[in-house]
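Here the structure is laid out as C-alpha cells; the discussion comes afterwards.
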Amino acid sequence: MKYETYDELIRMVAEFRLEHPNLTDDELDKLVKRTFRINQATLREMDGVSDQIHFGR
C-alpha cells in the first residue's frame, strides 16, 4: 500500500484495523506490518499516536 505522509499511514492503518475486527491483536499487528511494510517500532509509535488522538493526552 502506498502512502505519502505519516498522517496518511496512520489513517490507513486505523481503517484497516476496523475492516478486520475478527482477528486477534497479534494477528492484526502481523498483517498490518506485512501489508504496509512497516516494522514493530513504527507500529508501536503509531499505536501511541492513536492513543493520544483518542484520549486527548
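Where a number appears in this text, it was derived from the coordinates with a stated rule and is not lab data. What you see is a predicted model, and the numbers here were worked out from it, not measured in a lab. Neighbour counts run over all protein chains shown; Cβ positions are idealised from the backbone, glycine included.
Dividing the alpha-carbon Rg of segment 1-41 by 2.2 N^0.38 Å yields what? Don't skip to the answer; put the middle values down first.
Numbers: Rg = 10.0 Å, N = 41, 2.2 N^0.38 = 9.0 Å.
Computed over Cα atoms of segment 1-41, the ratio equals 1.10.
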Testing the spin-label approximation: label points 7 Å from Cα along Cα→Cβ at Asp47 and Glu27. State their distance in nm. 1.7
